[in-house]
Amino acid sequence: MSNLKWWQTAVFYQIYPRSFADGNGDGIGDFKGATEKLDYLVALGVDAIWLSPHFPSPNWDCGYDISDYRNVAPEYGTLQDFKTFLDESHKRNIRVILDLVLNHTSDEHPWFIESKSSRDNPKADWYVWADTPPNNWQSCFDGEAWTYSPERDQFYYHYFMKQQPDLNWHNPKVKKAMWDAVRFWLDIGVDGYRLDAIGTIFEDPDLTPHTVPMNLAELRRFSELAQTPEDLKLKDKYWEDMFKNQWGQGGVHELMKELRGILDEYDGDRMLVGEDDNIDYIGNGNDELHLVFNFPLMRTERLTPEHIRRNQEERLKQLAALSKVPGWPCNTLGNHDCSRVYTRFGSKLHGPELARLHAALVLTLKGTPFLYNGEEIGMTDYMLTDISQVKDTMGSWYYHAIVTDMGVHPDEAMVRTAEMTRDKNRTPMQWLNGPNSGFSPAHVNTWLPVNPNYRDGINVMDQEKNPSSLLNYYKHLLRVRRESHALREGEQVSLHESAKDYVAFLRQSDEQTVLVVLNFSENTLELDFTQEFKNAKMKSIFSSAERRTGEINPKFKVSPFEVFITEINRE
Ligand code: NOJ
């Protein structure tokens, strides 16, 4: 029996609706398509979906600029289509959480249209207005953070794009309107929310200027060209200094408490996960968010045993120290905002092996894992080559800024843009080896190009047929996790802490103990656990290598890059 809540034992799968499944053949994903793929998710073995924004939006930021919080984007279907998707998910025991964008709306949201219409309309102070730009703040996406509105002859503040004006959360009416929208979807039956960019909700009340001697485009360019240790250090410092007055300010905890109060009025353990790695947002364990992401795990060039151990030690210690109720971890290696795990942490020589190791890492560490659609078939980043293909506005803005203002050659600018834009990791899901990878019918222009590597086996249908594919590996591992009390619920104890080449840890619950060994090296390693498991019987329950099942000795070999999980039975 489990003492934990569903969101602690569930494996989440992020659906990026525009790119997941196109049910009506228009080149854009939709609810009809996603509903048809629910059985795929059941077969994969996930328990919950995080759905990136599905609301009406002019799509300057691919749905994160919402123009109506109580409806469905027409290209994704109708509200009824959403309800069908939700019901069908629930019928299959899959929960669904939505994306909740609190910091800003679209500039086409009726609230903003009214707010900008005059200085004395009823919503005049629903956003953050100033007569002149009060400081040099930058938007993290597209230049100046203060944009002029001729209707009011004033400037409004936006942390993100100028099409994403920040709401004024000091205004109780804003809160009420947003909480009503929150209830709207909870009433329909959604299981919770992933909270977008909560750190940006409040700004420094003194509006303190930043001290970086350049603007956003210049800083991006400086970062691209930085090579010396001094410049690399300076780059990090500049990024921190540029935005430190625009996020992480007081007030968010109170807001999260209110929001939690609303969720707790509902039955069914509705949950909140924050797009933030600050553990403080878990509050006393019962009064703010249920989870925050362990982003520090993925904030590294390479996932090395040392990095993983350090991350886990810090994170688990902080979570345990939180309050009487220890916080629950939440691990992920990728999402729609960053390079795909296969590309980012892979290598030319050992891509498939590393993908297996990384999957095992998120699925065996203590905590709730979040997977990103497509990672289970090893989808990779796809570099666009023509600026007309770019859909991510922060990419096209940057391209034009460096070509026009800095005289960078368009070819070089395009290469840089392709690398920095998030389009590369948002291309359509690759369902089969056929036109448009089966995402859309042949001859349809998909909203972003399909990565042609679907022809090289990186597609669902081919991998379903191949017993040794990455997809079947994920399915197997997810099944092992589901059947293992220790992997789902157990405490984590790190072993062999000075090992350079591998990570070893125990997961132990009152019902079961397992040992997880992840060999990050290309060598066969001879490991010795006789000290730890003197009088124990060890039985293999999972291996990514060819290996006999059954009892094993506490001295054993692991193959290069092997994932090896054994059950330990102490006499
Ligand atoms: C974080 C989201 O994940 C990202 O995609 C978006 O652009 C920003 N927040 C702004 O909403």
- Selection within segment 509-551 - of a type in the set (Ser, Thr, Tyr) and in contact (Cβ under 8 Å) with a residue 12 or more places away in the chain: 509, 513, 521, 524, 530, 540, 543, 544
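Going by what's in this entry, would residue 190 be described as among the β-branched types (Val, Ile, Thr), surrounded by 16 or more Cβ atoms within 10 Å (Cβ to Cβ) and either outside the structural domain of residue 88 (by TED's automatic domain parsing) or within 25 Å of residue 206 (Cβ to Cβ) (or both)?
It is false that residue 190 is among the β-branched types (Val, Ile, Thr), surrounded by 16 or more Cβ atoms within 10 Å (Cβ to Cβ) and either outside the structural domain of residue 88 (by TED's automatic domain parsing) or within 25 Å of residue 206 (Cβ to Cβ) (or both).
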- Query: Hey, does segment 173-182 have a residue that's farther than 20 Å from residue 288 by Cα, away from the ligand (no atom under 16 Å from the Cβ) and outside any helix (DSSP H, G or I)?
  - Reply: no
- Note on the structure: How many residues of segment 282-299 are within 15 Å of the ligand (Cβ to nearest atom), surrounded by 19 or more Cβ atoms within 10 Å (Cβ to Cβ) and not in a loop (DSSP other than H, G, I, E, B)? The answer is 2
- Flagged pairs (Cβ under 7 angstrom, 6 or more apart or on separate chains; first in segment 16-40, buried (at least 23 other Cβ atoms within 10 Å of the Cβ); second β-branched (Val, Ile, Thr) and in a loop (DSSP other than H, G, I, E, B)) are 18/28; 19/427; 22/28
- Give the residues of segment 409-430 that are within 16 Å of the ligand (Cβ to nearest atom) and outside any helix (DSSP H, G or I), sorted by residue number. 421, 426, 427
- Item | Condition met for residue 217 (closer than 26 Å to residue 333 by Cβ and over 24 Å from the mean Cα position of the chain (by Cα)) | no
- Task: Return a yes/no flag: does segment 54-73 have any residue that is at pLDDT 95 or above, closer than 18 Å to residue 391 by Cβ and in contact with a Leu (Cβ under 8 Å, 6 or more places away or on another chain).
- Result: yes
- Query: So, in segment 138-155, of the ones that are in contact with a helix residue (DSSP H, G or I) (Cβ under 8 Å, 6 or more places away or on another chain) and more than 16 Å from the ligand (Cβ to nearest atom), which residue ends up farthest from residue 205 (Cα to Cα)?
  - Reply: 151
- Message: Can you find a residue that is away from the ligand (no atom under 16 Å from the Cβ), surrounded by fewer than 19 Cβ atoms within 10 Å (Cβ to Cβ), modelled with pLDDT of 95 or more and under 24 Å from residue 9 (Cα atoms) anywhere in segment 200-214?
- Response: no
- Task: Please work out if residue 482 is surrounded by 19 or more Cβ atoms within 10 Å (Cβ to Cβ), basic (Lys, Arg) and modelled with pLDDT of 95 or more.
- Result: no
- Item | Evaluation of residue 53 against (1) away from the ligand (no atom under 16 Å from the Cβ); (2) part of a loop (DSSP other than H, G, I, E, B) (one fails), failing number | (1)
- Task: Return yes or no: is residue 120 free of Cβ contacts under 8 Å to residues at least 12 places away in the same chain, surrounded by fewer than 23 Cβ atoms within 10 Å (Cβ to Cβ) and under 19 Å from residue 172 (Cα atoms)?
- Result: yes
- Tally time: how many residues in segment 517-556 are within 35 Å of the chain's Cα centre (by Cα), of a type in the set (Lys, Arg) and farther than 24 Å from residue 471 by Cβ? 1
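The values are calculated or read from the model by the stated rules, or taken from the named source; none is laboratory data. Not measured: the values here are computed from a predicted model. Note that each Cβ is placed from the backbone with ideal geometry, even for glycine, and that neighbours are counted across all protein chains shown.
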